[in-house]
1. Being modelled with pLDDT of 95 or more and either among the aromatic types (Phe, Trp, Tyr) or part of a helix (DSSP H, G or I) (or both) narrows it down to one residue among Ala278, Ala234, Ala246; which is it?
2. What's the total number of residues in segment 168-191 that are within 16 Å of the ligand (Cβ to nearest atom), touching a strand residue (DSSP E or B) at 6+ places or on another chain (Cβ under 9 Å) and free of Cβ contacts under 8 Å to residues at least 60 places away in the same chain?
3. Which condition number in (1) within 16 Å of the ligand (Cβ to nearest atom); (2) crowded, with 24+ Cβ neighbours inside 10 Å is the one that Val275 fails?
4. Given the criteria in contact (Cβ under 8 Å) with a residue 40 or more places away in the chain, of a type outside the set (A, V, I, L, M), under 23 Å from Ala320 (Cβ atoms) and part of a helix (DSSP H, G or I), does Gly140 qualify?
5. List pairs: first in segment 91-104 and within 17 Å of His162 (Cα to Cα), second more than 8 Å from the ligand (Cβ to nearest atom) and among the charged types (D, E, K, R), Cβ under 9 Å, 6+ apart or cross-chain?
6. So how many residues does segment 256-269 have that are under 23 Å from the mean Cα position of the chain (by Cα) and either of a type outside the set (Phe, Trp, Tyr) or at pLDDT below 95 (or both)?
7. Within segment 287-325, can you find the residues that are assigned to a loop (DSSP other than H, G, I, E, B) and closer than 17 Å to Thr365 by Cα?
8. Considering only segment 326-374, how many residues are assigned to a loop (DSSP other than H, G, I, E, B) and more than 21 Å from Pro39 (Cβ to Cβ)?
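The values are calculated or read from the model by the stated rules, or taken from the named source; none is laboratory data. From a predicted model like this one, the values you see are computed outputs, not experimental measurements. Positions of Cβ are backbone-derived with ideal geometry, glycine not excepted, and every protein chain shown enters the neighbour counts.
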Amino acid sequence: MNRAIHEGQESFGGQQAKQAQEALPTLPNNPYLLLTPGPLSTTPSVKAAMLRDWCTWDDDYNSLVQSIRRRLTRMASRRDPEAYTCVLMQGSGTFSVESVIGTVLPEGGKLAVLANGAYGQRIAAIARTLRIPVAVADFGEIAPVSAERLEALLAEQPDITHVAVVHCETTTGILNPIADITRTAKRHGLITIVDAMSSFGGVDIDMAELDIDFLISSSNKCIQGVPGFGFILARRAALEACAGQARSLSLDLYDQWSTMEKHNGKWRFTSPTHVVRAFDQALIELEQEGGVSARNARYAENQRRLTARLERLGIRPLLAREWPSPIITAFYYPETDKFSFQELYHRLKQAGYVIYPGKISAADTFRIGNIGDVAPDQIDELASAIESQQFWT
Ligand SMILES: *Cc1c(COP(=O)(O)O)cnc(C)c1O
């Protein structure tokens, strides 16, 4: 095991992992490989970590939670981990986004959202639902967000206090230039919120360098765990200022954090124990793979091979070359009358692959995720399976 990043105090999870790996039970075969951006394909050892009845309240579990929080904090801020902290929150990723928006904006606050897809729009919808004043800069679906538009919005609406942006907009796979946005926001003294749900763990992010106050991700994306909780990385001082602001009891980010801080990793309400165990194993495997840079390289290779093979069939990627993330790729439907996405989807599923429909209104697209426990060779096999579907002959 790679101990370089596991300091002595983190060996607890390591021991558990070793046990899980040594005693790997026979698991049922997966019916298919998930090429979807979460839930995604996980390793047998991540799944095996869940095959026990884990308790929730004792020291073993609480120290594991603390270890996970520390490891995530170090991943998010190598330069200055002490200035940052981590909260785990039950539910899917959206619950964590909602906990941030509903807790971080004080009464009288106003949120600017830079949106270029469904997940940016979802942040705005959360704010509206919570009756938080929100200004949306809408960039359509296939262009990156820009700091110029943010400047213009701030000039128009000087009462804006917080700015939210999505890092990898999973709708298209576009990787937004968040540094431009957060630095502009900081020049205006604003609090910055980044939805890095689908990129954290697969794309290197340093919160201090990028001036990010709150960053949100979840268990079932690039860390390659299973669904069940999200996590929020926060600049400690910014989170400390949020006491008493929450608009929800169960999604009170501050209270969840202060309980974890004061009671050594305790969750306020029933926690997804098995999912947390699996996540610990997934974090260990991320380190064993070589960390975020190695994982990023594998995802990028998956994407490169997939795109090259599909382009030979006349299936073009939606985004211009400079914008895609290595996370997920959207493709235009091929220009042939024979093509039916439904047909392709069902045939590929039978052949052992699950792909993803498109999510934009401007064009007919489908998407293929590059993330999860998927090796470049498996992408080659997927490309061969697509080629053999006879839509192109
Ligand atoms: C997956 C994802 C979310 C959260 O979606 P859930 O279905 O709630 O897990 C939020 N933002 C982005 C960019 C995502 O990719």
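1. Ala278
2. Number satisfying all stated conditions: 2.
3. (2)
4. In short, no.
5. If the second residue must be more than 8 Å from the ligand (Cβ to nearest atom) and among the charged types (D, E, K, R), the pairs left are Ser99/Asp252; Ile101/Arg247; Gly102/Arg247; Gly102/Asp252; Thr103/Arg247; Thr103/Asp252; Thr103/Asp255; Val104/Asp213.
6. So the answer is 3.
7. Answer for segment 287-325, where residues must be assigned to a loop (DSSP other than H, G, I, E, B) and closer than 17 Å to Thr365 by Cα: Leu313, Gly314, Ile315, Arg316, Leu318, Leu319, Ala320, Arg321, Trp323, Ser325.
8. Matching residues across segment 326-374 total 13.
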